[in-house]
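Have a look at the structure below before the remarks.
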Amino acid sequence: MKLTAWVTIASLLMYIWVFARVGKARATYHVAAPSTDGPIEFLTAMRVQANTVEQLILFLPLLWLCCVFMSDRVAAVLGAVWVAGRIIYALGYYSAPEKRGLGFGISSLAGAGLLSAVAYGLIVH
(Lines give C-alpha, C1' and ligand atoms only; values in the text may rest on other atoms or scores of the structure.)
Protein backbone atom coordinates (compact mmCIF):
# COMPACT_ATOMS: atom_id res chain seq x y z
CA MET A 1 0.00 0.00 0.00
CA LYS A 2 2.96 2.26 0.52
CA LEU A 3 3.75 2.60 -3.18
CA THR A 4 0.14 3.36 -4.00
CA ALA A 5 0.09 5.99 -1.28
CA TRP A 6 3.13 7.68 -2.86
CA VAL A 7 1.44 7.67 -6.26
CA THR A 8 -1.67 9.17 -4.66
CA ILE A 9 0.48 11.98 -3.26
CA ALA A 10 2.10 12.46 -6.68
CA SER A 11 -1.32 12.70 -8.35
CA LEU A 12 -2.46 15.29 -5.81
CA LEU A 13 0.72 17.33 -6.23
CA MET A 14 0.20 17.24 -10.00
CA TYR A 15 -3.35 18.49 -9.45
CA ILE A 16 -2.14 21.30 -7.17
CA TRP A 17 0.24 22.37 -9.96
CA VAL A 18 -2.62 22.35 -12.48
CA PHE A 19 -5.06 24.36 -10.37
CA ALA A 20 -2.31 26.81 -9.34
CA ARG A 21 -1.86 27.51 -13.05
CA VAL A 22 -5.51 28.56 -13.18
CA GLY A 23 -5.00 30.95 -10.27
CA LYS A 24 -1.92 32.40 -11.92
CA ALA A 25 -3.80 32.78 -15.22
CA ARG A 26 -6.68 34.55 -13.41
CA ALA A 27 -4.21 37.05 -11.97
CA THR A 28 -2.19 37.46 -15.17
CA TYR A 29 -5.20 37.99 -17.45
CA HIS A 30 -7.40 39.80 -14.89
CA VAL A 31 -10.20 37.23 -14.95
CA ALA A 32 -12.14 37.78 -11.72
CA ALA A 33 -13.91 34.83 -10.12
CA PRO A 34 -16.47 33.47 -10.79
CA SER A 35 -15.95 34.31 -14.46
CA THR A 36 -14.75 31.44 -16.63
CA ASP A 37 -14.30 33.53 -19.77
CA GLY A 38 -11.10 35.19 -20.82
CA PRO A 39 -8.22 34.95 -23.26
CA ILE A 40 -7.21 31.61 -24.73
CA GLU A 41 -4.33 31.24 -22.26
CA PHE A 42 -6.77 31.42 -19.36
CA LEU A 43 -9.29 29.12 -21.03
CA THR A 44 -6.54 26.59 -21.69
CA ALA A 45 -5.51 26.55 -18.03
CA MET A 46 -9.16 26.17 -17.00
CA ARG A 47 -9.71 23.30 -19.42
CA VAL A 48 -6.62 21.42 -18.24
CA GLN A 49 -7.76 21.80 -14.63
CA ALA A 50 -11.35 20.76 -15.37
CA ASN A 51 -10.32 17.71 -17.38
CA THR A 52 -7.80 16.69 -14.74
CA VAL A 53 -10.36 16.81 -11.92
CA GLU A 54 -12.79 14.84 -14.11
CA GLN A 55 -10.11 12.18 -14.59
CA LEU A 56 -9.10 12.12 -10.91
CA ILE A 57 -12.65 11.06 -10.03
CA LEU A 58 -12.08 7.86 -12.01
CA PHE A 59 -8.40 7.42 -11.28
CA LEU A 60 -8.26 7.47 -7.48
CA PRO A 61 -10.87 4.74 -6.84
CA LEU A 62 -9.37 2.55 -9.58
CA LEU A 63 -5.88 3.07 -8.17
CA TRP A 64 -6.90 1.92 -4.69
CA LEU A 65 -9.13 -0.90 -5.90
CA CYS A 66 -6.19 -2.16 -7.95
CA CYS A 67 -3.97 -1.97 -4.87
CA VAL A 68 -6.45 -4.01 -2.84
CA PHE A 69 -7.55 -6.60 -5.42
CA MET A 70 -4.38 -6.92 -7.53
CA SER A 71 -1.23 -5.58 -5.90
CA ASP A 72 0.43 -2.47 -4.56
CA ARG A 73 3.15 -2.69 -7.19
CA VAL A 74 0.79 -3.04 -10.17
CA ALA A 75 -1.35 -0.16 -8.89
CA ALA A 76 1.70 2.04 -8.33
CA VAL A 77 3.23 1.37 -11.74
CA LEU A 78 -0.02 2.01 -13.61
CA GLY A 79 -0.72 5.00 -11.37
CA ALA A 80 2.71 6.50 -12.05
CA VAL A 81 2.12 6.09 -15.78
CA TRP A 82 -1.24 7.85 -15.35
CA VAL A 83 0.39 10.78 -13.51
CA ALA A 84 3.11 11.05 -16.17
CA GLY A 85 0.43 10.99 -18.87
CA ARG A 86 -1.47 13.81 -17.15
CA ILE A 87 1.70 15.91 -16.95
CA ILE A 88 2.38 15.30 -20.65
CA TYR A 89 -1.28 16.16 -21.35
CA ALA A 90 -1.05 19.43 -19.43
CA LEU A 91 2.25 20.52 -20.94
CA GLY A 92 1.01 19.68 -24.42
CA TYR A 93 -2.27 21.52 -23.90
CA TYR A 94 -0.48 24.57 -22.45
CA SER A 95 1.73 24.80 -25.54
CA ALA A 96 -1.12 24.20 -28.03
CA PRO A 97 -4.50 22.54 -27.39
CA GLU A 98 -4.03 20.15 -30.32
CA LYS A 99 -0.92 18.74 -28.58
CA ARG A 100 -2.90 17.24 -25.69
CA GLY A 101 -3.59 13.89 -27.38
CA LEU A 102 -0.44 11.97 -26.45
CA GLY A 103 -0.78 12.66 -22.73
CA PHE A 104 -4.50 11.98 -22.82
CA GLY A 105 -3.84 8.67 -24.56
CA ILE A 106 -1.16 7.61 -22.07
CA SER A 107 -3.33 8.41 -19.06
CA SER A 108 -6.37 6.77 -20.65
CA LEU A 109 -4.44 3.56 -21.32
CA ALA A 110 -3.14 3.56 -17.75
CA GLY A 111 -6.72 4.03 -16.50
CA ALA A 112 -7.90 1.17 -18.68
CA GLY A 113 -5.04 -0.92 -17.29
CA LEU A 114 -6.14 -0.14 -13.75
CA LEU A 115 -9.73 -1.10 -14.56
CA SER A 116 -8.60 -4.33 -16.21
CA ALA A 117 -6.35 -5.18 -13.27
CA VAL A 118 -9.19 -4.59 -10.82
CA ALA A 119 -11.54 -6.83 -12.83
CA TYR A 120 -8.86 -9.52 -13.12
CA GLY A 121 -8.10 -9.33 -9.41
CA LEU A 122 -11.77 -9.64 -8.53
CA ILE A 123 -12.24 -12.66 -10.78
CA VAL A 124 -9.06 -14.51 -9.79
CA HIS A 125 -9.11 -13.81 -6.06
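The values are calculated or read from the model by the stated rules, or taken from the named source; none is laboratory data. In this text, all values refer to a predicted model and were calculated from it rather than measured experimentally. Every residue, glycine as well, gets a Cβ built from its backbone with ideal geometry; the counts of neighbours run over all protein chains shown. The area values use the complete protein model at the heavy-atom level, side chains included, leaving out ligands, DNA and RNA. Shrake-Rupley method; radii C 1.70, N 1.55, O 1.52, S 1.80 Å.
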* Structure fact -> Treating every alpha carbon of the stretch 1-60 as one equal point scatterer without solvent, the Debye formula yields log10 I(q)/I(0) values at q = 0.14 Å⁻¹ of -0.44
* Quickly work out the residue 43-to-residue 30 label distance, labels modelled 7 Å from Cα along the C-beta direction, and quote it in nm with one decimal. => 2.0 nm
* Karplus 3J(HN,Hα) series, Hz, for the stretch 27-43 with 6.51 cos²θ - 1.76 cosθ + 1.60 (x for Gly, Pro) -> 5, 4, 9, 6, 9, 6, 5, x, 4, 10, 10, x, x, 4, 5, 5, 4
* Just name one of 91, 46, 33: the one whose Cα is farthest towards the positive end of the charge dipole of the stretch 12-108 (beta-carbon charges, Lys/Arg +1, Asp/Glu -1). => 91
* Simple Cβ-charge dipole of the chain, Lys/Arg +1 and Asp/Glu -1, about Cα centre, in debye nearest 20 -> 200 debye
* Structure fact -> Taking every alpha carbon pair in the stretch 70-125 and sorting the distances into 10 angstrom bins from 0 up to the bin holding the longest one, the percent per bin comes out as 28, 41, 21, 9, 1
* **Protection proxy ranking of 81-91, 36-46 - average other beta-carbon atoms within 10 Å, highest first** => 81-91, 36-46
* HN-Hα J in Hz across the stretch 101-113 - Karplus 6.51, -1.76, 1.60, θ = phi - 60°, x for Gly and Pro -> x, 4, x, 5, x, 4, 5, 5, 5, 5, x, 5, x
* Cβ-derived FRET efficiency at R0 22 Å, residue 115 paired with residue 95, nearest 0.05 -> 0.15
* **Rel. contact order, % - alpha carbon contacts under 8 angstrom, at least six apart, the stretch 6-101** => 29 percent
* Overall Cα dimensions of the chain - principal axes, largest extent first, Å -> 54, 25, 19
* In the stretch 4-112, carbon and sulfur make up what percent of the accessible area (probe 1.4 Å)? -> 73 percent
* Of 80, 23, 56, whose Cα points farthest to the positive end of the dipole of the stretch 1-108 (charges on the beta-carbon: +1 Lys, Arg; -1 Asp, Glu; origin at the Cα centre)? -> 80
* Residue-normalised accessible area of the chain, given per residue in Å² at a 1.4 Å probe -> 55 Å²
